[in-house]
């Protein structure tokens, strides 16, 4: 890798395969590796999903958990890791409720200083469905869309996951 970070982003809907595709790409990067998990198990169904993600990872893979403090956790992780997987930005943004702009700026600043690390980002693409009926959901969808666009501008490679397949998206000029 060169002097610039290699940032790749995997977007997709619920159960699109984005996490598995991102993990495969991340594990192909030279290590040491670090997974930064952002989801919090607040219900039995999500606990089962988190457990499935854990079981799909190779034994011994370092994992750090982050809530709204993702920028700080990522900055610390980049001190010792050459490859980092952040899964998933939608859970992180939800944890930042009321501070989305400030926290997004902090994350973008960390990515600007990622050195020669490979950073793989996973996020939901939620803007393809109907407009949400309630204001809170519409606000979250708009915030996540803005975050995804800001990270897209920093990404060297973009993929849209559909049915377990990755479609390569052109990177903005």
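The values are calculated or read from the model by the stated rules, or taken from the named source; none is laboratory data. Note that the structure is a prediction, hence the values are computed from the model and not measured. Cβ: placed from backbone, ideal geometry, glycine included. Neighbour counts: every protein chain shown.
Which residues, counting only those in segment 68-109, are more than 18 Å from residue 19 (Cα to Cα) and not in a helix (DSSP H, G or I)?
Result: 68, 69, 78, 79, 80, 81, 82, 96, 97, 98, 99.
Quick check, is residue 95 in contact with a helix residue (DSSP H, G or I) (Cβ under 9 Å, 6 or more places away or on another chain), closer than 21 Å to residue 6 by Cα and touching a residue at least 40 places away in the same chain (Cβ under 8 Å)?
In short, no.
Could you please find all residues in segment 126-150 being in a loop (DSSP other than H, G, I, E, B) and either more than 20 Å from residue 17 (Cα to Cα) or modelled with pLDDT of 95 or more (or both)?
Selection gives 130, 131, 132, 133, 134.
Do any residues in segment 123-149 that are exposed (fewer than 11 other Cβ atoms within 10 Å of the Cβ) have Cβ atoms under 8 Å from those of residues that are part of a helix (DSSP H, G or I), where the two are at least six apart or on different chains, and which pairs are they?
Short answer, once both residue conditions are applied: 131/138.
Is it fair to say residue 64 is modelled with pLDDT of 95 or more and more than 19 Å from residue 12 (Cα to Cα)?
Here the answer is no, as residue 64 does not meet what is asked.
Restricting the search to segment 151-173, which residues are surrounded by fewer than 15 Cβ atoms within 10 Å (Cβ to Cβ) and assigned to a helix (DSSP H, G or I)?
Selection gives 153 alone.
Identify all residues within segment 150-167 that are under 25 Å from residue 115 (Cβ atoms) and free of Cβ contacts under 8 Å to residues at least 60 places away in the same chain; write none if there are none.
150, 153, listed by residue number.
Can you find a residue that is surrounded by 20 or more Cβ atoms within 10 Å (Cβ to Cβ), modelled with pLDDT under 90 and closer than 22 Å to residue 18 by Cα anywhere in segment 50-59?
no
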